[in-house]
Amino acid sequence: MKEYEKFIPKKHRFQYHLVFLISIFLLSMPIAIFIGAILRQGFYYLFDDSIKFFSLWFLIAGVFTVYYGYIVVLRKNIKLSALNMSILFFIPILTLFLCYGFMTLNIYLVPIAMTAIIIGIFVDKQTGLLSAFVVTVILILSSVIYFGYDEVNLLMQNTIALATCSLSSIAIVILIDKDCTRIKLIGYIVAVSVIMFVIAVFSAMGFTSDAGIIFLSGLFCMLGNLSALILSLAFVPIFEFGFKLPTFYRLAELCSFDQPLLKTLSKEAPGTFSHSLVVGNFAETCAFAIGENTSLAKACAYYHDVGKLINPEYFVENQTEGFNPHDELVPEMSAKMIIKHAKAGYDLIVKSRLPKIIADVALEHHGDLPVGYFYSKAQNITENEISTQEFRYPGPKPKSKIAAIIMIADTIEAASRTATFNNDEDIRNFVTALVKEKLDKGQFDECEITMSEIHTVQETIINLLPAYNHSRVTYPPKKENS
């Protein structure tokens, strides 16, 4: 099921799109008013050039409608939530306003690349590139409407300048990738800015022979790209922290062992920390195998068990030899102590203002499965019928592919610590049985992961597991010097 289909119920889909299109039409009016006021230095044009105003209004509405249609029809992986749509439309509109502000100084100063950078980071590269194209088209259309009839030379200069400035968006979007750090981004944009200086110089030669104007055109074009970088670096953290969005920059920072939660986990629950690192390696490789965000999978794995910080000694990987607090508890209470780590992890992650999907995975990674060990223990000490309800995680089941990957990787890594494998067939049977158990209990019914992707995840872990369960060579005793 596509993301937008999950977000909008089928019976309300038409109404949703209609309301959004009406909103686009109404929103385009103040944008047209602002643009006209900038180009004509005042609001009197609303009366003197009303035809041009209405033309621009309808053209802006048309461009944004096509942009919206592209998102709905061709970018179905983008969920049409209020937050996503705010980013997809707010950033191009903000870029437009900034471009017109910079244009009062020089046409080559327009920071068109800002929208490509920000949307490329938060959404995807293709949509980022299209948003830059939308901004460029509106800038050119406004010039055509207000200068096309009377000032042909100015129109041509503006069109050439804007088209030149938009080229940097293409180069920057191509360079952005999921492993692109902030330092790399700065380096890429500085390099593109220098190249744009040369391109702008040649484009300026097309309409003037004044060496001073040609040089300034190149200089302003370079400064425009650098201003786009500065503005992007200012706005990206606001969205990251304000709306808890998982950009690849933020995810890389969250995977640092200097992060407070991970540092605390390594000190107070070292066994859980070690387990989380292995699950992180499994999840990262599995995510790559099925085309998911590897950085997000790794970050979710690192934090999926932070709830164990509440009572680390109740989890076997953190227990010292000879002491197990569960020996003093009835099975029902033991199960309760184990089960609550999922909700506790969710609360800790939310409190730390980490991306919501990381908190969701911490809550979902056990689904509504029972704590089998303590359920069996309770059955062995009583002859009465025992309900699994007290021994079952409350859910929810995994809602995303990442959560499904973490569930599988977490279960296999934990179970493999006490398993013995004599050959590769043992490993295959072991992994296959655990995955089948999750499938039989309907743990993946609420996420869009396919059977083919589950099989890929399963095979990936089967190939990885031997490296984590190898036996070490026993060295012979060292002879003492005679």
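The values are calculated or read from the model by the stated rules, or taken from the named source; none is laboratory data. Everything numeric here is computed off the predicted structure, so don't read it as measured data. Heads up, the Cβs are rebuilt from the backbone with ideal geometry, glycines too, and the neighbour counts pull from every protein chain shown.
Take the conditions (1) surrounded by 21 or more Cβ atoms within 10 Å (Cβ to Cβ); (2) touching a strand residue (DSSP E or B) at 6+ places or on another chain (Cβ under 6 Å); residue 388 misses just one of them, which is (1). Looking across region 246-273 at every residue that is among the charged types (D, E, K, R) and free of Cβ contacts under 8 Å to residues at least 40 places away in the same chain, the one that is nearest to residue 299 (Cα to Cα) is identified as 253. Being at pLDDT below 90 and outside the structural domain of residue 171 (by TED's automatic domain parsing) holds for only one residue in 271, 291, and it is 291. If the condition is being touching a residue at least 24 places away in the same chain (Cβ under 8 Å), within 30 Å of residue 226 (Cβ to Cβ) and not aliphatic (A, V, I, L, M), then region 78-100 contributes 84, 89, 92, 95, 97, 99, 100. If you go through region 96-124 and keep only what is more than 18 Å from the chain's Cα centre (by Cα) and of a type in the set (Ser, Thr, Tyr), you end up with 100, 104, 108.
Residues of region 335-351 that are under 16 Å from residue 254 (Cα atoms), surrounded by 16 or more Cβ atoms within 10 Å (Cβ to Cβ) and not aliphatic (A, V, I, L, M): 345, 346.
When the residues of region 283-294 are filtered to those that are surrounded by fewer than 21 Cβ atoms within 10 Å (Cβ to Cβ) and of a type in the set (Gly, Ala, Ser), the one that is nearest to the chain's Cα centre (by Cα) is 291.
Taken as a whole, region 64-77 holds no residue that is touching a residue at least 24 places away in the same chain (Cβ under 8 Å) and either more than 18 Å from residue 126 (Cα to Cα) or outside the structural domain of residue 145 (by TED's automatic domain parsing) (or both). Of the residues in region 285-301, at least one is at positive phi and assigned to a loop (DSSP other than H, G, I, E, B). Of all residues in region 422-438, those satisfying the criterion of being surrounded by fewer than 15 Cβ atoms within 10 Å (Cβ to Cβ) and not in a loop (DSSP other than H, G, I, E, B) are 424, 425, 426, 429, 432, 433, 436, 437.
Does residue 28 satisfy being modelled with pLDDT of 80 or more, buried (at least 16 other Cβ atoms within 10 Å of the Cβ) and over 28 Å from residue 448 (Cα atoms)? Against the criterion (modelled with pLDDT of 80 or more, buried (at least 16 other Cβ atoms within 10 Å of the Cβ) and over 28 Å from residue 448 (Cα atoms)), residue 28 qualifies. Counting only helices (runs of 4 or more DSSP H) wholly contained in region 81-164, the ones carrying 1 or more residues that are basic (Lys, Arg), at pLDDT below 90 and under 30 Å from residue 296 (Cα atoms) occupy 125-147. One residue is enough: does region 68-84 have a residue meeting the conditions among the β-branched types (Val, Ile, Thr) and over 19 Å from the mean Cα position of the chain (by Cα)? Within region 68-84 (the criterion being among the β-branched types (Val, Ile, Thr) and over 19 Å from the mean Cα position of the chain (by Cα)), the answer is yes, since at least one residue qualifies.
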